[in-house]
Amino acid sequence: APATRDRLRIAIQKSGRLAEPARALLTACGLSWRESRDKLFCYGESLPIDLLLVRDDDIPGLIADGVCDFGVVGRNELDEQAGERARIGLPQAFREFRALGFGQCRLMLAVPDSWDWQGPQQLQGQRIATSYPAILAQWLQDQAIDASVVELSGSVEIAPRLGTADAICDLVSSGATLAANQLKPVETLLDSEAVLAGPSREFEDERAGLAAMLLRRIDGVLKLKD
Ligand code: PRP
Ligand code: ZN
Ligand code: MG
């Protein structure tokens, strides 16, 4: 059973696209912190809500393990790791609580510019590079396409030029990365943005009240932004 705690711990990205807006949102909620020297842990001053600065990919697992209570992470990462847990038979341990309105991007299939795109069936028998194997495998299954998934943790967009894949499935924001690699987006698998993720289980200690307050404050801040 998860340890009892009387402070809430929120994981955010240490650096990267979601780091600054995540901190700005929590600051707008009235949170403030005294940063530790190494800046990986920020002790909450205005409220008993601490920050953990981590890699975004680690956030779902930290929630699943009860190391932190909430996290600001891309829906893409949350859905991927939920899909992977389902695939290996683990119970769902985290879920999306709120969409946060920043970090919008799309998980898309992209093919070489030279392809004359006719539709998903064209992927039959092809190799597709991605950092999102669970989401991609599910989509391929839904489309009844038999293709091989090449898992890469980064620099996915270079795979077609290297000859290690025929197409890719990756996040697209401005589209500049695809264009620079002579690829074009053809199908959207997921509309993503930053979300507040938290545990599937209810809190049974002081964190329940803190969590309710945090959600109320986030809702207030999001309302002001509409
Ligand atoms: C994402 C994605 C692409 C890029 C797309 O990577 O993997 O490389 O952004 O953005 P664009 O459409 O605006 O060019 P990101 O830089 O977020 O980091 P990572 O690949 O290192 O995780
Ligand atoms: Zn990442
Ligand atoms: Mg990238």
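Residues that are closer than 20 Å to Glu77 by Cα, over 17 Å from the mean Cα position of the chain (by Cα) and not in a loop (DSSP other than H, G, I, E, B) within segment 157-177 comprise Glu157, Ile168, Thr177, listed in sequence order. Give segment 70-126 a look and list any residue that's within 16 Å of ligand 3 (Cβ to nearest atom) and open to solvent by 40 Å² or more (accessible area, probe 1.4 Å), or say none. Gln104, Arg106 - these are the residues of segment 70-126 that are within 16 Å of ligand 3 (Cβ to nearest atom) and open to solvent by 40 Å² or more (accessible area, probe 1.4 Å).
Within segment 20-50, restricting attention to residues that are within 16 Å of ligand 2 (Cβ to nearest atom) and touching a residue at least 12 places away in the same chain (Cβ under 8 Å), the residue that is most open to solvent (accessible area, probe 1.4 Å) is Pro21.
Here is a check on your reading of the model: is Ala64 among the small types (Gly, Ala, Ser), closer than 21 Å to Leu26 by Cα and either open to solvent by 10 Å² or more (accessible area, probe 1.4 Å) or touching a Phe, Trp or Tyr at 6+ places or on another chain (Cβ under 7 Å) (or both)? No: the conditions fail for Ala64.
Only residues that are charged (D, E, K, R) and within 15 Å of Gly198 (Cβ to Cβ) were counted across segment 8-41, and they come to 1.
No other residue among Leu189, Leu171, Leu162, Leu140 is away from ligand 2 (no atom under 16 Å from the Cβ), aliphatic (A, V, I, L, M) and in contact (Cβ under 8 Å) with a residue 40 or more places away in the chain apart from Leu189.
Would you say Ala129 is more than 30 Å from Met213 (Cα to Cα), outside any helix (DSSP H, G or I) and of a type in the set (A, V, I, L, M)? Taking the combined requirement at face value, the residue satisfies it. On the stretch given as segment 191-220, residues that are more than 15 Å from Phe97 (Cα to Cα) and open to solvent by less than 30 Å² (accessible area, probe 1.4 Å) total 2. Taking every residue in segment 75-93 that is touching a residue at least 40 places away in the same chain (Cβ under 8 Å) and pairing it with any residue that is in a loop (DSSP other than H, G, I, E, B) and within 16 Å of ligand 1 (Cβ to nearest atom), at least 6 positions away or on another chain, the pairs with Cβ-Cβ distances below 6 Å are Glu80/Tyr132. Of all residues in segment 166-177, at least one satisfies being closer than 22 Å to Arg55 by Cβ, crowded, with 21+ Cβ neighbours inside 10 Å and of a type in the set (D, E, K, R). Does at least one position in segment 204-224 carry a residue that is small (Gly, Ala, Ser) and assigned to a loop (DSSP other than H, G, I, E, B)? No - not one qualifying residue is present in segment 204-224. Among the residues in segment 116-129, are any among the β-branched types (Val, Ile, Thr) and either in contact with a Gly (Cβ under 6 Å, 6 or more places away or on another chain) or in contact (Cβ under 8 Å) with a residue 40 or more places away in the chain (or both)? Checking segment 116-129: at least one residue is among the β-branched types (Val, Ile, Thr) and either in contact with a Gly (Cβ under 6 Å, 6 or more places away or on another chain) or in contact (Cβ under 8 Å) with a residue 40 or more places away in the chain (or both).
The values are calculated or read from the model by the stated rules, or taken from the named source; none is laboratory data. On a predicted model such as this, the values are computed, not experimentally measured, just so you know. We place every Cβ from the backbone using ideal geometry, glycine too, and count neighbours over all the protein chains shown. We work out accessible area using only protein heavy atoms, side chains counted, and drop any ligands, DNA or RNA first. Shrake-Rupley method; radii C 1.70, N 1.55, O 1.52, S 1.80 Å.
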